1. What are the pairs, 6+ residues apart or on separate chains, where a residue within the range 207-234 that is under 25 Å from Leu104 (Cα atoms) has its Cβ under 6 Å from a residue that is in a helix (DSSP H, G or I) and among the small types (Gly, Ala, Ser)?
2. Among what's in the range 97-125 and is hydroxyl-bearing (Ser, Thr, Tyr) and within 16 Å of the chain's Cα centre (by Cα), pick the residue that is surrounded by the most Cβ atoms within 10 Å (Cβ to Cβ).
3. Looking at Val128, Val197, Val172, Val137, which one is surrounded by 15 or more Cβ atoms within 10 Å (Cβ to Cβ), closer than 26 Å to Leu114 by Cβ and either touching a residue at least 40 places away in the same chain (Cβ under 8 Å) or out of contact with any strand residue (DSSP E or B) (no Cβ under 8 Å at 6 or more places or on another chain) (or both)?
4. Among the residues of the range 241-293 satisfying the criterion of being within 15 Å of the chain's Cα centre (by Cα) and more than 22 Å from Ile143 (Cβ to Cβ), which is surrounded by the most Cβ atoms within 10 Å (Cβ to Cβ)?
5. Considering only the range 146-167, I want to know if a residue exists there that is surrounded by 18 or more Cβ atoms within 10 Å (Cβ to Cβ), assigned by TED's automatic domain parsing to the domain that holds Asp274 and closer than 19 Å to Thr265 by Cα.
6. Across the range 174-222, what is the total count of residues that are of a type outside the set (A, V, I, L, M, F, W, C), assigned to a loop (DSSP other than H, G, I, E, B) and closer than 26 Å to Thr265 by Cβ?
7. For the range 200-222: of the residues being of a type in the set (A, V, I, L, M, F, W, C) and surrounded by 15 or more Cβ atoms within 10 Å (Cβ to Cβ), which is nearest to Phe96 (Cα to Cα)?
Amino acid sequence: MADTLLSPAARTSRSARPGAPRRDLTAYAFLAPFLLLFAVFVLVPAVYGLVISLHRWNSLVPFHPFIGLQNYLDLVTPGSLTFSDFWSSMRATGIFTVFSVPLLIVVPFLAAVLLNQNLKGTTFFRGVFFAPYVLGVAVIGVIWKYLLDPQAGVVNHLLGLIGLPDQTPWTVDVPWAWVSLVGVTIWWTAGLNTVIVLAGLKGINADLYEAASLDGAGTMRKFFSVTLPGLRPVMIFVTTTTILASANMFGQSFLLTQGGPGNTTRSAIMYIADQGLAQGNMGAASAMSYVLFAVLAVISVINFRIQREKA
């Protein structure tokens with residue numbers, strides 16, 4: 001009797017409820033492979049790394065005594081074995097991030113805007129911009145180490161041919177080592193950001209530009225009133241991922257400068273890898289990893305909130 005008083009839509013909704021658990025089960029079945037991989041390769045290592053960071057864990061010694069937060073305290077205690085070197089590597093990471101991230105946002109953005117125009121050859125240049133990104137960091141490092149070699153490098157040779165200084169220490173002195181690392185990274189990875197921003201530009205509704213034209217808006221007005229607001233979600237993603245990628249820089253410095261001169265360009269990831277893998281000091285290396293993770297998490301949240309508030 002009660003069912004007859006329900007509207008057709010309500011009866012349909014009510015009759016659909018018994019099938020909902022089945023749909024949920026199907027969804028979880030499709031998610032199961034990813035969840036399993038995520039648990040095995042992300043969650044378990046993360047928890048295990050946290051456990052290691054609470055021990056004096058040397059891979060060469062079978063006994064790993066529990067020391068609580070001592071590995072973390074050493075990182076903020078001047079004079080400890082890891083304090084100076086760790087924060088020096090964090091400083092190098094910060095320098096690289098500060099100089100690379102703005103360029104890895106501005107250059108791809110400008111390239112994407114140009115490639116979005118109805119010009120001849122844009123498809124070819126899209127491939128040219130993205131091509132370096134498909135190469136592995138080992139390939140990039142070997143190629144550019146040869147090109148930037150201070151004594152026999154192709155770059156210095158070409159500079160000499162056009163009358164410019166041909167003894168520039170690209171990989172063995174600062175600030176040239178930083179110029180090399182930032183320049184190589186931009187050449188290598190800018191193509192990915194270009195493709196992402198270009199996809200964002202293609203996703204902006206063309207009707208918005210037509211409406212702006214009807215209102216008498218010029219090219220610059222359309223750019224600031226339609227293009228930039230339409231790209232805001234994409235730029236938040238690009239900025240966040242670029243910061244994280246730059247802060248985790250390892251291969252370029254390891255292959256091009258070996259962290260030199262001295263330890264000037266030794267990134268945090270390089271130092272962590274050296275402590276954990278070469279020195280066997282896994283407990284301290286794990287603690288450093290979590291400190292770096294915390295710093296990057298804070299920066300990511302701040303970046304997200306700043307850009308969201310601008311919306």
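The values are calculated or read from the model by the stated rules, or taken from the named source; none is laboratory data. All of these numbers come straight from a predicted model, not from anything done at the bench. For neighbour counting, all protein chains shown are included, and Cβ atoms are generated from backbone atoms with ideal geometry for every residue, glycine included.
1. As it stands, the answer is Lys222/Ala212; Val226/Ala212; Leu231/Gly200; Val234/Gly200, since those pairs meet every condition given.
2. Ser100
3. Val197
4. Checked the range 241-293; the qualifying residue surrounded by the most Cβ atoms within 10 Å (Cβ to Cβ) is Ala268.
5. Yes, because at least one residue in the range 146-167 is surrounded by 18 or more Cβ atoms within 10 Å (Cβ to Cβ), assigned by TED's automatic domain parsing to the domain that holds Asp274 and closer than 19 Å to Thr265 by Cα.
6. The number of residues fulfilling the criteria is 1.
7. Of everything passing the filter in the range 200-222, Leu201 is nearest to Phe96 (Cα to Cα).
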